[in-house]
Amino acid sequence: MPFTIAVAGKGGTGKTTLAALLIGLLKERGAGPVLAVDADPNANLNELLGLKVARTVGELREETLERIADLPPGLPKEQYLELGLQECLVEDEGVDLLVMGHGEGPKCYCMVNHILRKYIDVLRGNYRYVVIDNEAGMEHLSRRTTQDVDALLIVAKPEPISIRSAKRISELAEKLKLRVKARYLLVNDVPGELSLALEEELARTGLPLLGLVPHDEGLFRLALAGQPLEGLPADSPAKRAMAQILEAIGEPQRAMDR
Ligand SMILES: Nc1ncnc2c1ncn2[C@@H]1O[C@H](COP(=O)(O)OP(=O)(O)O)[C@@H](O)[C@H]1O
Ligand SMILES: [Mg+2]
């Protein structure tokens, strides 16, 4: 099974940016293949990766329910979903992307979700890494649309409110009994040194601090121009920090040993 990293945190903390940086680093090091999963209904990981999305898993789920009565004879819904999932997968060199899309409406999705989970699990088996960009509520993790996680990175801004919010997300992960091997805190967009008050706030989370990602002008400029992160210079401070963070998770050493 692949090594699965999920990135969580309140909106605007930098989840998508950091997930895209991790994916880029794994790709550069040839540590893949990587399956990138965008599990935020407000999906934009594809833009940072410079990929176009044809269809989301949410759209496939809705379509399947709408068409279930008039599926062509001989095409059972299992097969329809399996083929549909292949179409949802955006394939690129070293990285494939699956966009989960919008959440669910009032219909009954159990059967479709059950089949989808099965095929997503089969799909996962093809990769060395899975990197999941989550929404704050972690709906997909709690519904197990996305399965076991080796490292949950909870991202916060260097502000007390944001750190407390990260703590709540961590508690939610515990309450939901998510199958997460390790939870870490990551502070992003750090302008300089952390204040003593903030360090105390960090200690109160009880979470191991995996690293600090500095404010990065290059990231800021790319975001302004709406460009993918591959345009980031090699000496980008945020990218360097994420490389250290990858080491701290214990990867990609493991991948290189293989
Ligand atoms: N370390 C950083 N330095 C500069 N800008 C950053 C940094 N991290 C994130 N940003 C910017 O902050 C904004 C929000 O980031 P994003 O990754 O979309 O957050 P989220 O996915 O958590 O909502 C984006 O414009 C992004 O470019
Ligand atoms: Mg995001």
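The values are calculated or read from the model by the stated rules, or taken from the named source; none is laboratory data. Everything quoted here is computed from the prediction, not taken from an experiment. Every residue, glycine among them, receives a Cβ derived from its backbone with ideal geometry; neighbour counts consider all protein chains shown. For the accessible areas, the whole protein counts, side chains as well, though only heavy atoms, and no ligand, DNA or RNA atoms are used. Shrake-Rupley method; radii C 1.70, N 1.55, O 1.52, S 1.80 Å.
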Inset, instruction - For ASP121 and GLU217, calculate 0.36 nm times their separation in residues minus their Cα-Cα distance, and state this gained length in nm to one decimal. - result: 30.7 nm
Inset, instruction - List the residues whose amide H sits under 5 Å from the amide H of GLY211, counting only those 5 or more places along or on another chain, with H placed 1.01 Å from N in the peptide plane. - result: VAL187
Inset, instruction - Please list, or write none, the lysines whose alpha carbon is within less than 28 Å of the alpha carbon of LYS239, excluding same-chain residues fewer than 8 places away. - result: LYS10, LYS15, LYS27, LYS52, LYS157, LYS167, LYS181
Inset, instruction - Return the whole-Å distance between the Cα centroid of the range 1-53 and the Cα centroid of the range 95-135. - result: 14
Inset, instruction - Pop the C-beta distance of HIS114 and ARG168 into the FRET formula with R0 = 41 Å and round what comes out to the nearest 0.05. - result: 0.85
Inset, instruction - Over the chain, give the accessible area per residue in Å² for a 1.4 Å probe, as an integer. - result: 48
Inset, instruction - Please work out how much accessible surface SER162 shows to a 1.4 Å probe, ignoring ligands, DNA and RNA, in Å² rounded to 10. - result: 10
Legend entry - Accessible surface of THR16 - all protein chains present, 1.4 Å probe, nearest 10 Å²: 20
Inset, instruction - Find, to one decimal place in angstroms, the Kirkwood hydrodynamic radius of the range 3-257, where the mean of 1/r is taken over every pair of different Cα atoms and then inverted. - result: 18.9
Inset, instruction - Name the residues whose placed amide hydrogens come within less than 5 Å of the amide hydrogen of ASP92, ignoring near sequence neighbours (fewer than 5 apart) on the same chain. - result: LEU97
Inset, instruction - Could you check how much of the accessible area of the range 21-160 is carbon and sulfur, as a whole percent, using a 1.4 Å probe? - result: 50
Inset, instruction - Return a whole-number percent for the relative contact order of the chain, with Cα pairs under 8 Å and 6 or more residues apart as the contact set. - result: 27
Inset, instruction - In debye, nearest 20, what is the charge dipole magnitude of the chain about its Cα centre with +1 on Lys and Arg Cβ and -1 on Asp and Glu Cβ, if you could check? - result: 740
Legend entry - Antiparallel DSSP beta bridges within the chain, as percent of all bridges there, nearest 5: 5
